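Before any comments, here is the structure.
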Amino acid sequence: MKRKKIAANNLERCSPVIPALILLLIYISSTGCRPRQPAELPPTRPEVKYLGLHVLVEGQKAARELMAEIPALAARGVNLLVVEVDYNYQYESHPELRGPDPVSRSQVKRIVELCRRYRIRLVPEFQSLGHQSWEKKTFSLLTVYPQFDETPGKYPDNQGIYCRSWCPLHPELPPIINALYDELLDVFEADALHVGMDEVFLIADPDCPRCRGKDPAELFALAVRTAHDHIVKKRGKEMFMWGDRLLDGQATGYGEWEASLNGTHRAIDLIPRDIIICDWHYEIMPGGLYPSIPLFIEQGFRVLPTSFQNLKAAEDLIDYSLQFPPDRMLGHLCTIWKQPEAGKTRKHPPLILASRKVRASG
């Protein structure tokens with residue numbers, strides 16, 4: 001999610017050190033510096049469902065760090081953990097797609113055990129459609145199967161693009177992706193899967209033999225429905241996705257990153273309403289207003305507002321979101337856009353803030 005760009009642009013504005021220390025001191029004084037056991041989790045507002053955290057687990061070290069951090073995250077009030085794995089698992093159905101340091105089955109089972117013990121809902125994520133590359137590195141799907149690329153042969157070393165996309169119309173692609181979805185659902189013993197789909201800029205490319213000339217909204221909606229057909233209709237699980245491509249960047253004022261300026265936003269009318277939309281916003285909005293939350297709710301979706309590192313933006317987003325019905329506004333999801341670190345991830349300032357605001361008792 002524009003990780004490096006956002007981090008660079010917001011570094012000075014975020015400046016979370018002082019408020020983070022204040023909040024951390026409040027937390028320490030309230031807990032007496034002793035670790036909470038599962039039976040002592042912070043009380044939750046009865047009307048708010050989730051305090052979530054999204055982490056990247058791109059290798060075995062990250063998996064170990066996450067295991068070490070789960071008890072402290074539970075003590076912080078986290079009851080939803082979105083673990084982005086992508087190609088970084090030891091897949092059996094398509095071992096050719098494994099990343100360079102894939103997480104093992106035994107590591108995942110340990111994470112499952114810890115989340116069950118600490119009453120954390122565990123949702124794996126597999127970035128779908130977009131984010132098939134990062135900087136000069138193209139990930140395994142389009143390396144092993146270059147025919148699935150939306151822009152085959154274009155952009156050597158990924159110069160001039162943000163991230164590659166797969167072609168949503170390639171007929172040989174869904175069986176492969178569905179097999180990966182199945183493995184993640186099974187090994188994580190998960191009742192939901194997050195399919196990503198944020199920041200898709202390469203779609204309906206004029207050089208794609210299948211997609212050229214087609215409506216980007218219809219193509220994006222097709223990709224969403226293809227995932228939904230398998231995850232929800234066939235497997236009976238819930239589906240999470242990022243919401244930015246469903247928003248009109250001009251009408252909402254969010255621009256081209258937190259919303260769409262390439263025509264995909266009309267897909268909002270073409271996809272199932274039982275999808276949980278993770279509505280990420282990392283910037284401060286005028287008046288502290290985030291129009292996408294009521295928009296998604298009015299469209300019939302459940303929404304999980306999502307923040308990053310700007311503490312003021314996170315506070316505004318949380319405060320604004322808490323006015324909406326709890327059956328549709330499900331709580332808050334914090335992102336760190338890096339791999340977890342034992343002893344550090346729990347101290348992410350927006351997570352401390354969200355714990356106080358979302359998991360408070362009154």
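Could you grab me the full set of residues in segment 122-150 that are surrounded by fewer than 18 Cβ atoms within 10 Å (Cβ to Cβ) and either in contact (Cβ under 8 Å) with a residue 60 or more places away in the chain or not in a strand (DSSP E or B) (or both)?
Passing the criteria: GLU135, LYS136, THR143, VAL144, TYR145, PRO146, GLN147.
So which of ASP198, ASP229, ASP215 is charged (D, E, K, R), at pLDDT 95 or above, touching a helix residue (DSSP H, G or I) at 6+ places or on another chain (Cβ under 6 Å) and farther than 17 Å from TYR91 by Cα? Let's see the steps before the verdict.
Numbers: ASP229 fails: touching a helix residue (DSSP H, G or I) at 6+ places or on another chain (Cβ under 6 Å); ASP215 fails: touching a helix residue (DSSP H, G or I) at 6+ places or on another chain (Cβ under 6 Å).
Only one candidate qualifies: ASP198.
Can you tell me which residue within segment 183-237, out of those that are without any contact (Cβ under 8 Å) to a residue 60 or more places away in the chain and small (Gly, Ala, Ser), is surrounded by the fewest Cβ atoms within 10 Å (Cβ to Cβ)?
Among residues in segment 183-237 that are without any contact (Cβ under 8 Å) to a residue 60 or more places away in the chain and small (Gly, Ala, Ser), the one surrounded by the fewest Cβ atoms within 10 Å (Cβ to Cβ) is GLY213.
Residues TYR162, TYR91, TYR155: which one is within 30 Å of ALA74 (Cβ to Cβ) and among the aromatic types (Phe, Trp, Tyr)?
Working: TYR162 fails: within 30 Å of ALA74 (Cβ to Cβ); TYR155 fails: within 30 Å of ALA74 (Cβ to Cβ).
Of TYR162, TYR91, TYR155, the one residue that is within 30 Å of ALA74 (Cβ to Cβ) and among the aromatic types (Phe, Trp, Tyr) is TYR91.
What residue, of ALA251, ALA259, is farther than 24 Å from GLU125 by Cβ, hydrophobic (A, V, I, L, M, F, W, C) and free of Cβ contacts under 8 Å to residues at least 40 places away in the same chain?
ALA251 is the lone residue from the list that is farther than 24 Å from GLU125 by Cβ, hydrophobic (A, V, I, L, M, F, W, C) and free of Cβ contacts under 8 Å to residues at least 40 places away in the same chain.
Filtering segment 228-251 down to residues that are in contact with a Ser or Thr (Cβ under 6 Å, 6 or more places away or on another chain) and not in a loop (DSSP other than H, G, I, E, B), which residue is farthest from ALA190 (Cα to Cα)?
The residue in question is GLY249.
Would you confirm, using the coordinates I've provided, whether ASP207 is closer than 21 Å to ASN262 by Cβ, within 22 Å of the chain's Cα centre (by Cα) and assigned to a loop (DSSP other than H, G, I, E, B)?
Numbers: closer than 21 Å to ASN262 by Cβ: yes; within 22 Å of the chain's Cα centre (by Cα): no; assigned to a loop (DSSP other than H, G, I, E, B): yes.
Taking the combined requirement at face value, the residue does not satisfy it.
For segment 158-197, name all the residues that are outside any helix (DSSP H, G or I) and in contact with a His (Cβ under 7 Å, 6 or more places away or on another chain).
If the condition is that a residue be outside any helix (DSSP H, G or I) and in contact with a His (Cβ under 7 Å, 6 or more places away or on another chain), then CYS163, GLY196 are the ones that fit.
So, in segment 85-109, of the ones that are touching a Ser or Thr at 6+ places or on another chain (Cβ under 9 Å) and not in a loop (DSSP other than H, G, I, E, B), which residue ends up farthest from THR345 (Cα to Cα)?
Among those that are touching a Ser or Thr at 6+ places or on another chain (Cβ under 9 Å) and not in a loop (DSSP other than H, G, I, E, B), it is GLU96.
Could you grab me the full set of residues in segment 312-362 that are among the β-branched types (Val, Ile, Thr) and either modelled with pLDDT of 95 or more or farther than 25 Å from ASP274 by Cα (or both)? Reasoning before the result, please.
Taking segment 312-362 and keeping what is among the β-branched types (Val, Ile, Thr), we get 318, 335-336, 345, 352, 358.
ILE318, THR335, ILE336, THR345, ILE352 - these are the residues of segment 312-362 that are among the β-branched types (Val, Ile, Thr) and either modelled with pLDDT of 95 or more or farther than 25 Å from ASP274 by Cα (or both).
Going residue by residue through segment 85-108, is there one that turns out to be farther than 22 Å from GLY243 by Cα, surrounded by fewer than 20 Cβ atoms within 10 Å (Cβ to Cβ) and either among the aliphatic types (A, V, I, L, M) or at pLDDT below 95 (or both)?
Scanning segment 85-108, I find no residue that is farther than 22 Å from GLY243 by Cα, surrounded by fewer than 20 Cβ atoms within 10 Å (Cβ to Cβ) and either among the aliphatic types (A, V, I, L, M) or at pLDDT below 95 (or both), so the answer is no.
Starting from segment 311-338, keep only residues that are without any contact (Cβ under 8 Å) to a residue 60 or more places away in the chain and aromatic (Phe, Trp, Tyr), then list their pairs with residues that are surrounded by fewer than 20 Cβ atoms within 10 Å (Cβ to Cβ) and in a loop (DSSP other than H, G, I, E, B) whose Cβ atoms are within a distance under 9 Å, requiring at least 6 positions of separation or different chains.
That search, which allows pairs on different chains as well, returns TYR320/MET285; TYR320/LEU289.
Please state which of the following conditions TYR320 fails to meet, knowing it meets all the rest: (1) more than 20 Å from PHE240 (Cβ to Cβ); (2) surrounded by 23 or more Cβ atoms within 10 Å (Cβ to Cβ).
(2)
Going residue by residue through segment 250-269, is there one that turns out to be at pLDDT 95 or above, basic (Lys, Arg) and surrounded by fewer than 16 Cβ atoms within 10 Å (Cβ to Cβ)?
no
Could you check how many residues of segment 40-84 are at pLDDT below 95 and not in a loop (DSSP other than H, G, I, E, B)?
The total comes to 1.
Being modelled with pLDDT of 95 or more and either touching a Ser or Thr at 6+ places or on another chain (Cβ under 6 Å) or closer than 19 Å to LYS214 by Cα (or both) narrows it down to one of SER165, SER140, SER133, so name that one.
SER165
The values are calculated or read from the model by the stated rules, or taken from the named source; none is laboratory data. Just so it is clear, the structure is predicted and the values come from calculations on it, not from any experiment. Every residue, glycine among them, receives a Cβ derived from its backbone with ideal geometry; neighbour counts consider all protein chains shown.
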